[in-house]
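First comes the structure, then the notes that go with it.
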Amino acid sequence: MRLHRSFPALLLGLPMATPIAVAAEDAALAPEVQRRVAVVVLARRIRGYTAMAKASSDCLVEQGRLQRHQANQALAISLEELGISRSMLANPLVVAVSPRFQRLLDDSCALDPTKEAEALQLAENEL
């Protein structure tokens with residue numbers, strides 16, 4: 001399965017379009033709190049990436065370009081190459097949001113550029 005160039009850039013930036021940074025007002029937070037916040041943000045981004053990758057995979061299956069077992073295997077391998085456990089595919093949030101991401105894909109199963117803001121908003125609100 002080939003993930004389009006925009007998927008990683010978009011999803012690894014979720015829910016914020018910028019790298020994880022501590023805002024000036026957060027600088028006063030204890031280091032333990034800052035770490036917890038970073039963990040929560042990273043978990044959200046991992047769920048977002050997994051949900052979008054699953055949406056693309058499901059799109060390819062529905063279009064007949066891949067068989068289900070091929071898509072499942074390719075998806076699991078691509079996630080594991082990034083250090084994401086295949087068990088993330090069973091995460092309830094990923095399962096719930098993936099079909100909604102799929103509606104934002106174009107005919108090539110890539111994110112429609114005109115729906116990028118909607119995808120970011122969906123990820124921020126739902127993941």
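Some notes on this structure:
- Look at the dipole of the stretch 33-127 built from charges on Cβ: of V40, N125, G64, the Cα furthest out on the positive end belongs to V40.
- Proximity of backbone amide H atoms, modeled 1.01 Å from N, is registered between L105 and D112 at under 5 Å, excluding neighbours fewer than 5 places apart on the same chain.
- Loop-resident trypsin sites (Lys or Arg not before Pro) (DSSP state other than H, G, I, E or B) in the stretch 39-69 with no more than 15 further Cβ atoms inside 10 Å of their Cβ: R65.
- For I46, solvent-accessible area (1.4 Å; no DNA, RNA or ligand), Å²: 50
- Its residue count N sets the reference 2.2 N^0.38 Å, and the alpha-carbon radius of gyration of the stretch 21-109 equals 1.35 times that reference.
The values are calculated or read from the model by the stated rules, or taken from the named source; none is laboratory data. Source: prediction; values computed, not measured. Virtual Cβ from ideal backbone geometry, glycine too; neighbours counted across all protein chains shown. Please note that ligands, DNA and RNA were not included when accessible areas were found on the heavy atoms of the full protein model with its side chains. Shrake-Rupley method; radii C 1.70, N 1.55, O 1.52, S 1.80 Å.
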